[in-house]
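Working notes, beginning with the structure itself.
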Amino acid sequence: MHDRQTLARAFQQLLPSDCVIFREEELIPYECDGLSAYRRVPLIVLLPYTADQVEAILKFCHRKQIPVVARGAGTGLSGGALPHEQGVLLSLARLNKILEIDAENMQARVQPGVRNLAVSEAARPHGLYYAPDPSSQIACSIGGNVAENAGGVHCLKYGLTLHNVLQLTLITIDGEKITLGTGGLDAPGLDLLTLITGSEGMLGVVVEVRVKLLPIPTCQQVVLAAFDDVETAANAVAEIIAQGILPAGLEMMDNLSIRASEDFVHAGYPTDAEAILLCEVDGVDDEVAEEIGQVRQILLKSGAAQVRTAADEQERIRFWAGRKNAFPAVGRLSPDYYCMDGTIPRSQLGKVLKHIGEMSDRYGLRCANVFHAGDGNLHPLILYDANIPGELEQAERFGGEILELCVAVGGTITGEHGVGMEKINQMCVQFTDQELETFHAVKAVFDPHNLLNPGKAIPTLNRCAEFGAMHVHAGKLRFPELERF
Amino acid sequence: MASDRDDARQLQALVLDACHAKRRLRLVGSNSKGFYGRVAEGETLSLSDHRGVVSYAPTELVITARGGTPLVEIERLLAEKEQMLPFEPPHFNGGGTIGGAVAAGLSGPRRPWGGAPRDLLLGIKLLDGRGRILNFGGQVMKNVAGYDLSRLMAGALGTLGILLEVSVKVLPKPPQEHTLMFFSEDRNPWKVMRDLLGKAIPITATCSQGKRHKLRLACNERRLKQIQTTHGLETIENQQEFWQALRDQELDFFQCKAPLWRISLPPAAVLDPGNETLNEWANAQRWLVSERPAEEIRALAEEQTGHATLFRYGDRSGELFHPLQPRLAEIQRQLKQVFDPNGIFNPGRHYSHY
C-alpha cells in the first residue's frame, strides 16, 4: 500500500509541482474514461510535459512497484483508462505537440496527446490528411488511438490505426526508450509495431508516433438509401462489395438510431425507414460520379425504398453528421446508454439483429444499432437508467450476451473499442486457456511485474474459471440453434 | 494438382515429438524463398501437403487457407470473383505458398497502396513450439480482442510457429490497369512522383531505374488520357509481364549474382550508395547490387531512418537483417521463448540470436 501524501511528495521531487495532482477533489475528474459506468479514484494523477518526465515516472514506479495506467484524452469506451486505486494515472494530455509535418514524405511526427483531428488540420495546408477518423476524432488523442487500434467510418478503404502508423517511440516500464518501425514502410525483426498497436497500454507507454498522411481526395460524394427491412439493407452491402466497389465509407443505422439522430441533428434521414445505408465514394470528380451511378443502381436493384445522392457538400456533411452523432443522439433517448462493439461476418447481420431484438424484449431494455457495415463492426447501444436499481447490471448482462453471440457467429467481442475493463469476462468466451496463457506470457516479456494497466484486457485464468462456473461458456449452451464457426 | 489435405494433427504429432527430443526443424513450404534469410539449421519439415482453401466469402472480402496452399491456386480462385491478394506476393521461381508468403512478409509492387502481409492478415491458426494449436485474430476486418499475435507472425520467417491456417483480407481487383512512363534527365524524379501522388492519381505500382520511370495506374481509359495529357506521360502497352517480372525479380537488374540489398527508406530520402538502384514502392523500397561492406550500406540506410537487408547472394553466414537495438533484440528473443521455448523452429533463420 502506498500513501498518497508520501507519494505526492516523492513525485514533486521528480516533476514540476503542477504535474502532480493528489487532492481528492482534483482527482475526481479522472475517475473514469468514456465508459462512465466504471469509476475508481486513482491514488495520484501525473501530467508530465515531456517524454523524459514520462521516463522518470516509469523508472520510479518500476522501482517502487507502483501500478501505472496511461490515459490519453479519456474518450475510450471500454474502461481501458479506468484508474487503479493503488496506482498512478499517467495522463499524456500535455505531450500535445505536432513535432513535424513532413509533406515531402507524406508523414507526420506527433506526440501522443495530439488530437486525431488536429493532425489532419495541420496537414491540410499541404493537401494531406490523416485517414483514421473515429467518431470521437475531435477529442480523442493519437496515443489513445494507437493503444486501441482505433478505426473509424473510413477504415474499410483506408485501414485502421495500425495501417496508418509507421513508427512508435515507446518507453518500457523500466524506463528504456525503444523505437519500433522506421521512416520507411517496414522494419527489421519481428513486427512489434503491430503488437503494440491495440495493446491497451499493457506493454509500454507511447511517447511519439510517426503517421502516414494521404492526399485529400478531390471529390467525395455520399448516397443515402432507405430500406424497409434490415436484412435487405445488409444484402445490399454485400452486393456493393460483390460488384467490386470499395466505398470510402459504408454505414448502416436501424430505425431507433435513425429517429434519434434525426431529432438531434436534422440530417434529413427518412424516419420511417427500418434501416438506412450511407455509402460514400471518393476520388476524382468523374470517376466518383460514375461510381455513385453504379452504387445507386445496385441499391435500387437490391430493394432500397429510396436512394438519395447528397445534393451538395452541405447535405453530404449533414448526412454524415447524423451518423457521427448517433451515439449522443441515442443518449438523448435515455438517461444512460451502454455501447457495445462486436464485429461479425456481414452475412450474419440479419440473424444477429433478430437475436438482439429478442434479447431486447427479454431484458426489457431498448437497443439502437449503428453498424460500420463495410467491415462488419456492430455498435448496439443499450438504453438504461442507472438510477433504477439493477438496470445497469441488466444492461451489462444484455451486452455480454450480444458479445457472446458475435463470437458464436464467427466474429469477435471487440472491433475497435478494446477489451479494457468492460469485456474482460467475454475474453474467456473468445479465447482458450492456452491462448490466454500466451497473452500473459507476451505481457510478461514487456512487463514482468504486471505494473502497466493491471487487470485490464486479458483476464486471469482464475477469473475465467469463476466466470465460467456461473455462466457456462457460450459455445456450449447459448444460441444452440446457430451454426458454429 | 495435389489434392487438399488437412495435416494439422500429423504436424502436431511431429512437432510434439521434435519438442520432446529437442530436435530442430527447418520449415519449408514450396521452397521458393529458400534463398531468403539465413540458413536455418535442422531437419526439413515440409508443410506443402497441408493445403487447401478452408473458406472463401467474396462479399466478406476474406479467404482462409491452409498454410501450404499454393499462391497460384488462391489467386486463380480470387480472380474468378475479380478479387486479388492486395499485397501482390512474389512468386519466386513460380512457386510460393500462402503460409510462406505471410511468414516471409514480402510484398510485391502494390505494397504502398495495397498493404503488406502484416496489414492484410486477419487471423491465424498457429502450431506453436510446444505443439499447441492456438487461434489468434479471426475472419473479420476489425478485431482488437487480445494482443495482435497473428500479425506478429508476418515476417517472422517461421521462427515462432507453423502457420496452419491464415485468414487474409482480399480486395476487388482493379478492372483495368495501365502503364505510363516518363524520363527524367535533370529533374529530380521524386519531385515528379510526389507531385503525382499528391494529386491522388490512382497509382498501384512504380519502378524507377536510371532515367526511366514507370507507373502503373488503376483507372479507366478516359482518366488515363487526362492524366497523360496533364502530366505529359507516355503510355506503354502490354506491361503486365513487366510488373510480374519485377514482382518475381526476373528483370535483368536482378540477374547479377553479386550481393543484392533491399533498402527500405522514406520516399524522399536521397541515397547515394555508389551503384545505381532500382526503386519501387514510390521510392520507399530500393534495390542495390553492391559489394560494399554491409556496415557502410546499413549506415547509409540508418542515416535516413531506414534499414537494409542483404536480400540475396553475398556472405550469408553473418546477420542479413538490420541489427536491432539491444533491447529490441532481447524482446525478440523472449518472444521466441514464449512461442518456441525449445528453439525448434527455424533456428538462426531470422537472426543468429534465435
How would you classify the stretch B:246-354 from its alpha-carbon gyration tensor, with a ≥ b ≥ c the square roots of the eigenvalues: rounded for a/c under 1.5, else prolate if a/b is greater than b/c, otherwise oblate? prolate
Starting from a Cα-only point model with no solvent, please compute log10 I(q)/I(0) by Debye for the protein assembly as shown at q = 0.09, 0.10, 0.11 1/Å. -0.88, -1.12, -1.38
Based on the Cα coordinates of the stretch B:265-329, what is the per residue volume of their convex hull in Å³? 96
q = 0.12 Å⁻¹: log10 I(q)/I(0) that the Debye formula gives for the stretch A:334-471, counting C-alpha atoms only: -0.51
Order these peptides, A:120-126, A:132-138, by their mean beta-carbon neighbour count within 10 angstrom, highest first. A:132-138, A:120-126
For the stretch A:266-389, treating each Cα as an identical point scatterer without solvent, what Debye log10 I(q)/I(0) comes out at q = 0.10, 0.16, 0.17 1/Å? -0.39, -0.94, -1.04
What order do you get for A:421, A:202 when you list them from fewest to most C-beta neighbours inside 10 Å? A:421, A:202
How do B:16, B:163 line up, fewest other C-beta atoms within 10 Å first? B:16, B:163
Taking Cα atoms, how many degrees apart are the long axis of helix A:4-14 and the longest axis of chain A, rounded to 10 and kept between 0 and 90? 80
Relative contact order %, the stretch A:4-91, counting alpha carbon pairs below 8 Å whose residues are six or more apart: 34
If you average 1/r across every pair of different Cα atoms in the stretch B:178-312 and take the reciprocal, what Kirkwood value do you get, in Å? 15.7
Check cross-link reach from residue B:214 to the lysines: straight Cα distance under 19 Å, and skip same-chain residues fewer than eight apart. B:191, B:199, B:225
When all C-alpha to C-alpha distances in the stretch B:1-139 are sorted into bins of 5 Å, what percent of pairs does each bin hold, rounded to whole numbers? 2, 9, 18, 23, 21, 15, 8, 3, 1, 0
Value of Rg to Rh for the stretch A:4-91 (Rh from inverse mean 1/r over Cα pairs, i.e. Kirkwood): 0.94
For residue B:181 and residue B:230 in the same chain, what is the full-extension length gain: residue separation times 0.36 nm, less their Cα-Cα distance, in nm? 16.3 nm
Give the average over all directions of the projected area of the C-alpha convex hull of the stretch B:1-75, one decimal, in nm². 6.3
Tell me the label-point distance for the pair residue A:13, residue B:93, using the 7 Å Cα-to-Cβ offset, in nm and rounded to one decimal. 6.5
Evaluate peptide B:128-138: per residue, the Cβ atoms of other protein chains within 10 Å of its Cβ; return the mean as an integer. 3
Evaluate peptide A:432-443: per residue, the Cβ atoms of other protein chains within 10 Å of its Cβ; return the mean as an integer. 5
For the protein assembly as shown, what does the helix formula give at 222 nm: sum of -39500 (n - 2.57) over DSSP H segments with n ≥ 4, over the residue count, nearest 500 deg cm²/dmol? -9500 deg cm²/dmol
Yeah, chain B with a ≥ b ≥ c from its alpha-carbon gyration tensor (a/c under 1.5 is rounded, else prolate when a/b outruns b/c, oblate otherwise) is oblate
Hey, rough spin-label estimate for residue A:23 and residue A:37, points 7 angstrom out along Cα→Cβ, what's it come to in nanometres? 3.4
Residues whose modelled amide H sits under 5 Å from the amide H of residue A:207, counting only those 5 or more places away in sequence or on another chain, are A:169, A:170, A:171
Averaged over residues of A:190-202, the number of beta carbons from other chains lying within 10 Å of each residue's Cβ is 6
Could you check the simple spin-label distance between residue A:219 and residue A:313, using points 7 Å along Cα→Cβ, in nm with one decimal? 1.5
Eigenvalues of the Cα gyration tensor times 5, then square-rooted: what semi-axes does that give for chain A, in whole angstrom, largest first? 37, 28, 20
Counting other beta carbons within 10 Å of each Cβ, put B:191, B:173, A:423 in order, fewest first. B:191, B:173, A:423
Per-bin percent of Cα-Cα distances, the stretch B:79-189 [5 Å]: 2, 11, 19, 20, 17, 11, 8, 5, 4, 2, 1, 0
Over the stretch A:334-471, what is the relative contact order in percent, taking alpha-carbon pairs closer than 8 angstrom and at least six residues apart? 25
So what is the relative contact order for chain B, in percent, with contacts set as C-alpha pairs under 8 Å and at least six apart? 20
The ³J(HN,Hα) series, computed from each phi in the stretch A:449-464 with the Karplus coefficients 6.51, -1.76 and 1.60 at θ = phi - 60°, rounded to the nearest Hz and given as x for glycine or proline, is 9, 6, 9, 8, 6, x, x, 9, 6, 10, x, 6, 5, 4, 4, 5
Students often forget the sequence filter, so: which lysines lie under 17 Å Cα-Cα from residue A:59 once same-chain residues fewer than 8 apart are removed? A:177
So how tilted is helix A:285-301 from the main axis of chain A? Cα-based, degrees 0 to 90, rounded to 10. 70
Computed P(r) (all Cα pairs; the stretch A:233-314; 5 Å bins; percent): 3, 14, 25, 25, 18, 11, 4, 0
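The numbers here are math on the coordinates, done by the rules we state, and not lab data. These numbers were taken from a predicted model, which means no experiment stands behind them. Cβ: placed from backbone, ideal geometry, glycine included. Neighbour counts: every protein chain shown.
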